[in-house]
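Notes for the one structure printed next.
The values are calculated or read from the model by the stated rules, or taken from the named source; none is laboratory data. Computed from a prediction, not measured in an experiment: that's the story for all the values here. Every residue, glycine as well, gets a Cβ built from its backbone with ideal geometry; the counts of neighbours run over all protein chains shown. Please note that ligands, DNA and RNA were not included when accessible areas were found on the heavy atoms of the full protein model with its side chains. Shrake-Rupley method; radii C 1.70, N 1.55, O 1.52, S 1.80 Å.
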Amino acid sequence: KFILCDINSPIEDALGLAAVTLRKAGIVLTSNLAPGKGICRLDPQMIEQVLLNLITNAAEAMQGMSGEKHIAISSSIEPGHVVVKVADSGPGIPLPLRSKIFDPFYTTKADSTGIGLSLCHRIISDHKGYLRVDESPLGGAEFIIELPLARERT
């Protein structure tokens, strides 16, 4: 169900759902959400699901690590689109694997089906957006979502 919605709404919902679990795991969660009108045509529950999946993956990647564990979520409004970033201080994703991680059934985890990231990619594509991965300023992985802003009708 696509509706006009501020991108920060599903982000805040996902943060609320993940906060306690992350805190118990010793992971510091920070957010820096753009004020303003990041209004997109989207399905808020599906976007929330994508964010929860990315946050969960980041938390799992940092299991057993020593040192500070950190996940940072941000949103910004750019010309014509919004950008949402989920960055972590985990081990990151090696360059040779970055082109494969969105493929269905591809996984590096022993107990995974490998459909989570492919499903996230599909949901973002269905929203006429893009999902990609890069290196995080925190040292781990950073997933970047770009979604088009809703065009205002005149």
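Tabulated data
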item: Qualifying residue in segment 79-95 (condition: in contact with a His (Cβ under 6 Å, 6 or more places away or on another chain) and not in a strand (DSSP E or B)); result: yes
item: Selection count, segment 1-44, where residues are part of a helix (DSSP H, G or I) and open to solvent by 40 Å² or more (accessible area, probe 1.4 Å); result: 9
item: Subset of segment 87-104 [among the aliphatic types (A, V, I, L, M) and exposed (fewer than 12 other Cβ atoms within 10 Å of the Cβ)]; result: LEU95
item: Scope segment 66-78; condition not in a loop (DSSP other than H, G, I, E, B) and not small (Gly, Ala, Ser); matching residues; result: LYS69, HIS70, ILE71, ILE73, ILE77, GLU78
item: Of residues in segment 45-66 being open to solvent by 60 Å² or more (accessible area, probe 1.4 Å) and small (Gly, Ala, Ser), the one farthest from the chain's Cα centre (by Cα); result: SER66
item: Those residues of segment 121-137 which are open to solvent by 50 Å² or more (accessible area, probe 1.4 Å) and touching a strand residue (DSSP E or B) at 6+ places or on another chain (Cβ under 7 Å), in sequence order; result: HIS121, LYS128, TYR130, ARG132, ASP134, GLU135, PRO137
